[in-house]
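Single-structure report; data block below.
What follows is calculated from the coordinates using simple rules that are stated; it is not laboratory data. Bear in mind the structure is a predicted one, so any value in this text is a computation, not a measurement. Because the Cβ atoms are built from the backbone with ideal geometry, glycine has one as well, and the counts that use them run over all protein chains shown.
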């Protein structure tokens, strides 16, 4: 199991040495994430955070859709620097956060929490429980939580790191104390090198009164 400091160094190294289109998770346009977002009927001033967003193109889609309060968190500073470079002057419209998600603290309350392919890198009970608590305290009551992980039919590793795979039942059970499940779908993601990865996407709504 890789320690947090080593995991950060690993991520910094791969972002320093590889083009975005060589990563298995690369998407030119995050269609599924945007579809889940559209179901939430958020105002353009809603607080939205992308966990593990790095140089993902979800932030580009948010800007194009007119959202004004966008946050992107990633453990890798290099990945965020790459996104800033791609966005140019529009990067100034984003709040960028370099942090391991399990170390993240904020006074901001989010209307929409998006995580595509970050949660499944947490492989210990302690880290998973920390993530759940942070999500619960950071998302507004009735706020939305969208989670994309590798399904039970997905790969066992990603970019040299171990991951944890989930079924719909398992992922729902992890979050049921604080979140009500809305729906889950499975999706085959076509990687840039002509393979497929099976993802599970689930949407949740934070329960009122849970602390």
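On a per residue basis, the convex hull of the C-alpha atoms belonging to region 28-161 measures out at 120 Å³. Taking label positions 7 Å along the Cα-Cβ direction at both residue 41 and residue 64, the computed distance is 2.5 nm, reported to one decimal. Binning every alpha carbon pair distance of region 64-122 at 5 Å from zero, what are the percents per bin? P(r) over region 64-122, rounded to whole percents: 4, 14, 26, 27, 20, 8, 1.
Taking R0 as 22 Å, what FRET efficiency do you get between residue 34 and residue 95 from their Cβ-Cβ distance, rounded to the nearest 0.05?
0.65
Set against the 2.2 N^0.38 Å expectation for a compact globular protein, region 42-92 has a Cα radius of gyration ratio of 1.06.
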